[in-house]
Amino acid sequence: MLDLAFVRDNLPLVEEKLRQRGMDPAEVLRDFRQIDTQRRQLITETETLKARRNRASEDIAKLKKSGQDAGALIAETKDQREKIQEQEKAAEDYDNRLRQLLAGIPNIPHQSVPIGKTSDENVEVRRWGTAPAFDFTPKPHWELGEQLGVLDLERAAKLSGARFAVYWDLGARLERALANFMLDLHTRENGYTEVLPPYMVNSDSMYGTGQLPKFAADLFRVPHGEKELWLVPTAEVPVTNLYRDEVLDAARLPISLTAYTPCFRSEAGSYGKDVRGIIRQHQFQKVELVKFARPENSYGELEKLTRNAETVLQKLGIHYRVVTLCTGDMGFSSAKTYDIEVWLPGQHLFREISSCSNFESFQARRANIRYKPEGKSKTAFVHTLNGSGLAIGRTWVAIVENYQQSDGSVVVPEALRPYMGADRITKI
């Protein structure tokens, strides 16, 4: 969430940034200026009335002490009290309307973000490795998985419907091996602390990271008595909210956490996209990287986090590229995002496998996560960052497609063999 005073004082800038995101400022901001002006007028009028009431109360006390009639002033203060209550209720209504408006305004893109409307205008930053050369036509993972007997989409549909997967034998072990490999890499070499959070969270947590209220249709809601819980769409949600409504010790920053969780997404706006295989699932597993940083250091931490995610693919020997998302392709809460896109030879394209973002104070303001800068009397909002390190299902896909052999088997990358207990995936 953006700061109210910032929006008020920089409305032309906010409108321009919304246009850069491909949004209509009139639709997003609606009657922000009018509501804010009326709210401030009400607050001023209410404070004036309170001052008059206080003076009248003092005069009433003096009249009573001197034995004079205070009836007229008492009646006047009663009217003032009722008027104050009405205006405070109206001001509260304006407060709620302003909060709703602010909750619907996306983050301001950082000045280094390229301006563009679609993913076609994202900017490539770097590439690593080279695409494998085949002396045969490489197959997509859904064909290989079915032929090897390690990926079963038909039985998954019987159990749960479309966009779910069942893994068998070494296919299941590959998922587990990847999770353990990623967690070990990030905790032992990249300096992250592992955490295992709940897989269901409350609405305050979803609001804190920006999923609610705007993206409720993309989530799975679980009724729970008189309240409701939500299946996590990413470990970003519970891990970021670990520090909701807390003041962090400045000496601890940056805090770097990693977590493995299943992720649940309804993909409400994605039907018809990536219907083959396991690229876009309702349930998938992911290792997440989350950072809490000082504002002045957060962009340096974004570079580190992105490099940490890249090391997974480097150790697996898989070709990838890094792109900076343009303003029109960025997520709602992000100020800047790098996408890591892995090469998939069976589909002959690059596919996003991690998004690494700096949210600046946007999430921290919603979740009220602060720290106290040294030498300052007031607290300040931290900057939050996160990125996939990596999406396990898509890494599974990348291994199967990049390491496929002419006989239909798949070679296990050397870094994974201690976790797999096998050096090749062959037909069951």
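The values are calculated or read from the model by the stated rules, or taken from the named source; none is laboratory data. Fair warning: this is a prediction, and the values are worked out from it, not measured in the lab. Every residue, glycine as well, gets a Cβ built from its backbone with ideal geometry; the counts of neighbours run over all protein chains shown. Ligands, DNA and RNA are stripped out before the accessible areas are found, and what is left, the full protein with its side chains, is counted by its heavy atoms. Shrake-Rupley method; radii C 1.70, N 1.55, O 1.52, S 1.80 Å.
Some values worked out for this structure:
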| read-out | value |
| --- | --- |
| The range 1-94 - percent of accessible surface contributed by carbon and sulfur, probe 1.4 Å | 46 |
| Estimated FRET transfer efficiency when R0 is 30 angstrom, pair Lys89-Arg52 (beta carbons, to 0.05) | 0.95 |
| Per residue solvent-accessible surface (Å²) - the chain, probe of 1.4 Å | 49 |
| Sites matching GluC sites (Glu not before Pro) across the range 166-195 that sit in DSSP coil, with at most 14 neighbouring C-beta atoms within 10 Å | Glu189 |
| Proximal charge balance of Ile278 [Cβ under 15 Å; K/R count +1, D/E count -1] | +1 |
| Net length gained if the chain between Ala72 and Glu267 were fully extended (0.36 nm per residue, minus Cα distance) | 63.6 nm |
| Rg/Rh (Cα only; Kirkwood hydrodynamic radius) as it applies to the range 21-85 | 1.38 |
| Ala5 versus Arg33: modelled label distance in nm, points set 7 Å from Cα along the beta carbon direction | 2.1 |
| Helical contribution to [θ] at 222 nm, DSSP H n ≥ 4, -39,500 (n - 2.57), averaged over the chain, rounded to 500 | -12500 deg cm²/dmol |
| Proximal charge balance of Gln34 [Cβ under 14 Å; K/R count +1, D/E count -1] | +3 |
